[in-house]
Structure formats: C-alpha cells, structure tokens
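S.K.: One structure coming up, written as structure tokens, with questions to follow.
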Amino acid sequence: MTAHAETVPSVARLTLLHARFGLIETFRVPIAVIGTLVFPALALLFFVVPQRAVADNPEFATQAVISLSVFAVMSNALFSFGLTISENREKPWDPYLRTLPAPGIARVFAQILSTGLLGLVAIIPLIVVGGIFTAAEAPVLRVLAGLVALAVSALPFMLIGTTIGYALPFKAAIAVIQIVMFGLAFVGGLFLPPILFADWLDTISKFTPSRQARELVIWAVQGGPLEWWVWVGVLAWTTLSLAAALLLFRRDEGRRYR
C-alpha cells in the first residue's frame, strides 16, 4: 500500500504536467499567442503614444498602460477559459480525462497557471512600449503590487469565461466572448478614460468588472483612496460568476454522464 502510494503523482506534479501540455497545445496555434502578445502593445503604440498630451504626462501615461494591461489579462482569461472549455466539451478526449484517477482540481489549477503565465507574458510588451515611448513610471514595489491586483481582478474574467464555456457550444462561444470582451473594454474605460464619459455612462461603467479591475490596479500602482464600489464589485462579480460556473458545470456533467 505504501509503495503504491509513493507512485501516485502529487496534485502539484499533475498540475504542472497539465499546464505544460496546455501551453504546448496553445503554442501550436501561433496566431492566438501572437494576438495576445501584440494587440495590447499595438493599441498603446498607435492610440496613446501619438497623443503627446497623454504620453508625456506620467499619471495619464501610467493609467493608459494599466488599462491596456487589464485588457490583455481580461481577453486572455475570457478566451483561454471560454474557448478551451467549450471546445473540450465537444471532443471525446475530455470525457476520457474525467474518467482518469487524477483529481479534477489539478486540471483547474493547470488552466489558471497556464492562463496566468500567458497573461503575464502579454504585459511585458506593454511595459516595454510604455517605458520607451511614454512618460509612464512606477516604483518597483508598486509594480509588484499592481501585478497582484491584476491577478485578483482576473478571477471574475476567468469565471465569466468558464460560464460561457459551459453554457455555449464552441462556435457560439467565439462570438459571445468577442462581444463580451470588447463591450467590457469600452464600457469599463480600458480604451477611453472614464473621465471622458457622460455621467450616465460613468455610472453604468462602475458596475462592470473591467472598470473595477482598472481602478483596483491603478490604486495598487499609483496609490490614493480606493472607492468602496471597487472592492465590493470585484467580490460580487467573483461570487456571482463562481456560482454561475458551478451551476453550469453541474448541469453539463448531469447531461453528459448520467
């Protein structure tokens, strides 16, 4: 019994194994990785850098880099979870994986780990472009705090992507994720600063997870007061999207395995 237990891989080892092969599978479609890495940096280069009133202002430039960093993490989380789950549901390989003795939590952790690594890599070109072509600045400790805030604020997007993945087939999930992603980006102030919003749009924006993520990361990097609706919103979206994801997961499991 002891010898057998010693041969059973740990959850940590299984997580790393699943994450490794998940990344390999992702990199087999280079255009998906290139889009994740290049689009946010190109948006900063084409839409922020030419506006010298913004690019030469340290506060505005830093907030622009933060906004597009949130967009990079959000788009990566939505696509990674939403499309991966919806695609796997249509393949016979996924039900087979569920029959293996490996715990399901290892696959969940692996998905979070691989998504987090891609999200972190997607931020690097943004930081490089922002550091070279704009006046964006932040102390090292503040940058680290911003990365932690990004990780926390990414949870609702991962869970929203999970909800879409279990609710819709693959072809429908692609369209819905694109609509959700760009809708949240525009309303959440990731492409256009909320200071330019009309009052009614600014009020609506405060209820979106993208706006809440933006404000949370800005607070972590630049300091200042943290409005109550930011952290309450992050907690609310995380709780609601988690409940929806669990409900749809159980519904999917009941349909396919009963």
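The values are calculated or read from the model by the stated rules, or taken from the named source; none is laboratory data. Bear in mind that the values here come from a model prediction, so they are computed numbers and not experimental data. Ideal geometry is used to build each Cβ from the backbone, glycine not excepted, and the neighbour counts take in all protein chains shown. For accessibility, only protein heavy atoms count, side chains too; no ligands or nucleic acids. Shrake-Rupley method; radii C 1.70, N 1.55, O 1.52, S 1.80 Å.
S.K.: In segment 202-229, which residues are part of a helix (DSSP H, G or I) and either within 17 Å of the chain's Cα centre (by Cα) or of a type in the set (D, E, K, R) (or both)? Spell out the reasoning first.
M.R.: Residues of segment 202-229 part of a helix (DSSP H, G or I): 202-205, 209-222, 228-229.
Result: ASP202, PRO209, SER210, ARG211, GLN212, ALA213, ARG214, GLU215, LEU216, VAL217, ILE218.
So that you can scan it fast, the table gives a plain yes or no per residue for (1) assigned to a helix (DSSP H, G or I); (2) more than 12 Å from the chain's Cα centre (by Cα):
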{"residue": "ARG142", "(1), (2)": "yes, yes"}
{"residue": "ALA145", "(1), (2)": "yes, yes"}
{"residue": "ALA151", "(1), (2)": "yes, no"}
{"residue": "MET158", "(1), (2)": "yes, no"}
{"residue": "GLY161", "(1), (2)": "yes, no"}
{"residue": "PHE186", "(1), (2)": "yes, yes"}
{"residue": "GLY189", "(1), (2)": "no, yes"}
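S.K.: Find the residue count for segment 7-37, including only residues that are surrounded by 14 or more Cβ atoms within 10 Å (Cβ to Cβ) and either out of contact with any Pro (no Cβ under 7 Å at 6 or more places or on another chain) or at pLDDT below 70 (or both).
M.R.: Qualifying residue count, segment 7-37: 13.
S.K.: Within segment 105-162, which residues are within 27 Å of PHE249 (Cβ to Cβ) and open to solvent by 50 Å² or more (accessible area, probe 1.4 Å)?
M.R.: Correct list: ILE105, ARG107, VAL108, PHE109, ILE112, LEU113, LEU117, LEU120, ALA151, VAL152, LEU155.
S.K.: Between a residue in segment 34-63 that is under 14 Å from VAL128 (Cα atoms) and any residue that is at pLDDT 90 or above and surrounded by fewer than 16 Cβ atoms within 10 Å (Cβ to Cβ), which pairs come within a Cβ distance under 6 Å, given they are 6 or more apart or on different chains?
M.R.: Within 6 Å, the pairs are VAL49/PHE133.
S.K.: I would also like to ask the following. Within segment 163-198, take every residue that is of a type in the set (Val, Ile, Thr), open to solvent by 40 Å² or more (accessible area, probe 1.4 Å) and touching a helix residue (DSSP H, G or I) at 6+ places or on another chain (Cβ under 6 Å) and give me the one that is nearest to LEU246 (Cα to Cα).
M.R.: Across segment 163-198, the extreme among qualifying residues is VAL176.
Conditions (1) within 15 Å of the chain's Cα centre (by Cα); (2) assigned to a helix (DSSP H, G or I); (3) under 14 Å from ILE127 (Cβ atoms), marked per residue:
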| residue | (1), (2), (3) |
| --- | --- |
| ILE34 | no, yes, no |
| THR62 | no, yes, yes |
| VAL65 | no, yes, yes |
| SER75 | yes, yes, no |
| PHE81 | yes, yes, no |
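S.K.: A further question on this structure: Residue check: is LEU155 without any contact (Cβ under 8 Å) to a residue 60 or more places away in the chain and over 25 Å from VAL48 (Cα atoms)?
M.R.: It is false that LEU155 is without any contact (Cβ under 8 Å) to a residue 60 or more places away in the chain and over 25 Å from VAL48 (Cα atoms).
S.K.: Let me ask another. Mind counting the residues in segment 199-258 that are surrounded by 19 or more Cβ atoms within 10 Å (Cβ to Cβ) and modelled with pLDDT under 90?
M.R.: Residues meeting the conditions: 1.
S.K.: Please work out if SER210 is touching a residue at least 12 places away in the same chain (Cβ under 8 Å), out of contact with any Phe, Trp or Tyr (no Cβ under 7 Å at 6 or more places or on another chain), among the hydroxyl-bearing types (Ser, Thr, Tyr) and under 25 Å from VAL49 (Cβ atoms).
M.R.: Numbers: touching a residue at least 12 places away in the same chain (Cβ under 8 Å): yes; out of contact with any Phe, Trp or Tyr (no Cβ under 7 Å at 6 or more places or on another chain): yes; among the hydroxyl-bearing types (Ser, Thr, Tyr): yes; under 25 Å from VAL49 (Cβ atoms): yes.
Judged against the criteria, SER210 is a match.
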